[in-house]
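We did not get these values from a lab; they are worked out from the coordinates using the rules stated. Here the structure is a predicted model, which means the values were calculated and not measured. Here the Cβ is made from the backbone with ideal geometry for all residues, glycine too, and neighbour counts use every protein chain on show.
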Amino acid sequence: MEVLFVASECSPFIKTGGLSDVVGSLPSELIKLGVDARVIIPKYKDIPAALLGKATFVKSITVSLGWRFQHCGIEQLKHNGITYYFLENEYYYNRSGIYGFDDDAERFAFFCRAVLEALPSLDFRPGILHCHDWHTGLISVFLKTHYRSEPFYQNIRTLFTIHNLHYQGNFPIELLEELLDLGPEYFNADTLEFYGRGSYLKGGLVFSDLLNTVSRSYAEEIQTPYFGAELDGLLRKRSDNLVGILNGIDYTLYDPMKDDHIYFPFRSSLPKKRANKVKLQESLGLPPGEEIPMLAFVNRLVEQKGLDLIGHVLEEILDLGLQLVILGTGEEKYQRFFGEAAARYPQKMVALFQFDEPLARKIYAASDLFLLPSRFEPCGLTQLIALRYGSIPIVRETGGLKDTIVPFDAGSRKGNGFTFSSYNAHDLLFVIQEAISLYKNKELWGTLVNNAVTSDFSWKGSAQEYRALYGRLLEM
């Protein structure tokens, strides 16, 4: 069973979000199940040279893109037991950053075409191309339009994973007709056309053999108008070929017993967790105190994550006798709002607008509560990391948050967090009040923390589900 992961980013080489973590950690678990899983990404300028030091040159090829003929270099690297391939083109990828350029349509069309052109030059022949998000949506399109008549490609199957339906890769049809070398029959409502534009994501949804997304609840939600981002009708049409498989996290990477970034290693020891909190308080200039509850938000500062809810009741939250720590980058309006609030309440709140993985780990290890009241959430990885570090999630019941966080019940002593259902700021405030109240009960709080750290959201179970899905693909 040979599977090639095709993605725009992959840890530890290049990362902007959870997609990178998934592509970086799932293959190693699949290898344990006998799957030959490998990864191919663009060779970006921002990939640290130290990580590519042992990469070997495979071949130079020429890639056709509309009327253009572009160079593509193929490089190969074995890293931590996984084989990676990097596609090099200085014009498209020798620049800082990986998204947000005016020529993204061309850059990722090139990547998709280059992946298919590179396959005969690799040292293995994948039976499955496992494609991730809109950047790879054209893989399935090209495979069925430009390559299917060639014997080498005839038995290759495609799985398209939706990490976030709202990121779609929509571009002018006139541009895509030129770039993709496709006729007008591929730009109608049944193919790539999407409200007057061409959509790479829709290409993946229409042309891939099977589809999946990153939690069972999200797979159901995106078939409804509220969550479906104007694609719910298409997803309902393909519901028999749409599967939800929950993301996991790498438990060797996120292990508070072996994490060099945190102050004091621990597993479920509340005294050591509190010691981490005091150290972080001192580092951030907050009043130190083991008994002061610490509430954390570590994520992108975007509307999806429920920041409007937090902002609406921020004063009331800070009146609960807790400390709030926010870490992340994103929309300027949120940075301004929370930055100004932190300046007004320096004894209660710190807001840091940066990407800082070591600091994030310290916050997971120190915080008592972890906030993620998302409007929608395909899976969410930060709440899984928080559980691993004994920081109790407070989440809204949507997507993967609903599938991973079970509200704690004091009677049965079961559950690993706190949840609320309506997208309502005062419902959020109420559940934070409930959490602070339980925090004062040391016996129940110790039980809840133990439930959190013993929750298993490693890749083990989900990797088995992916292997079964690959088996289904190969029988098609």
Cα gyration tensor of the chain, axes a ≥ b ≥ c as square roots of the eigenvalues: rounded (a/c below 1.5), prolate (a/b > b/c) or oblate? prolate
C-alpha center-to-center spacing [the range 74-103, the range 349-393] in angstrom: 29
Under the Karplus relation with 6.51, -1.76 and 1.60 and θ = phi - 60°, whole-Hz ³J(HN,Hα) for the range 422-438, x at Gly and Pro, equal 7, 7, 9, 5, 6, 5, 4, 4, 4, 6, 5, 4, 4, 5, 5, 5, 5
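As a test of the formula, what do you get for the chain when each DSSP H run with n ≥ 4 contributes -39,500 (n - 2.57) and the sum is divided by the residue count, at 222 nm and rounded to the nearest 500 deg cm²/dmol?
Numbers: 18 runs with 171 residues, N = 476.
The per-residue figure over the chain is -10500 deg cm²/dmol.
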For each pair in LYS402/LYS460; LYS54/LYS362; LYS43/LYS78, compute the distance between the two Cα atoms and list the pairs where it is over 24 Å. LYS54/LYS362
Scan around ARG375 for amide H atoms under 5 Å from its own, H built in the peptide plane at 1.01 Å from N, and keep only partners 5 or more places away or cross-chain. LYS305, GLY306
The residues HIS312, HIS132, HIS163, sorted from fewest to most surrounding Cβ atoms within 10 Å, come out as HIS312, HIS163, HIS132
Measure nothing fancy, just the Cα-based angle from helix 357-366's long axis to the longest principal axis of the chain, in degrees from 0 to 90, nearest 10. 40
Proximal charge balance of THR404 [Cβ under 12 Å; K/R count +1, D/E count -1]: -1
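For each of PHE355, PHE207, count neighbouring Cβ atoms within 10 Å of the residue's Cβ, then give the residues from fewest to most.
Numbers: PHE355 13, PHE207 21.
By the 10 Å Cβ count, ascending: PHE355, PHE207.
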Rounded to the nearest Å, what's the spacing between the alpha carbon centres of the range 108-129 and the range 167-211? Just the number, please. 20
Can you compute 3J(HN,Hα) from phi for each residue in the range 8-20, using the Karplus curve 6.51 cos²θ - 1.76 cosθ + 1.60 with θ = phi - 60°, rounded to whole Hz and x for Gly and Pro? 8, 7, 7, 6, x, 7, 8, 8, 10, x, x, 3, 4
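Test of understanding: ordering VAL313, VAL214 by Cβ neighbours within 10 Å, fewest first, what list do you get? Write out the running numbers ahead of the final one.
Values: VAL313 18, VAL214 28.
Fewest to most other Cβ atoms nearby, the residues stand as VAL313, VAL214.
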How large is ³J(HN,Hα) for each residue in the range 96-112, as worked out from phi by the Karplus curve 6.51 cos²θ - 1.76 cosθ + 1.60 (θ = phi - 60°), to whole Hz, x for Gly and Pro? 6, x, 10, 10, x, 9, 4, 9, 4, 4, 6, 4, 8, 5, 4, 4, 5
Shape call, the range 133-174: gyration tensor on alpha carbons, a/c limit 1.5: oblate
Amide H neighbours of MET349 at under 5 Å, excluding residues fewer than 5 places away on the same chain, with H built from the backbone geometry, are LEU324
How far is the Cα center of the range 288-304 from the Cα center of the range 423-476, in Å? 18
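Calculate, for TYR147 and LYS32, the FRET efficiency according to 1/(1 + (r/R0)^6) with r their C-beta to C-beta distance and R0 30 Å; round to the nearest 0.05. Don't jump to the answer; show the numbers that get you there.
On the way: r = 32 Å, r/R0 = 1.05.
Step by step, r from the Cβ atoms, then E = 0.40.
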Determine the relative contact order of the range 270-453: mean sequence separation of Cα pairs under 8 Å and six or more apart, normalised by residue count, in whole percent. 21
Degrees separating the helix 442-453 axis from the principal Cα axis of the chain, which is the longest one: 10
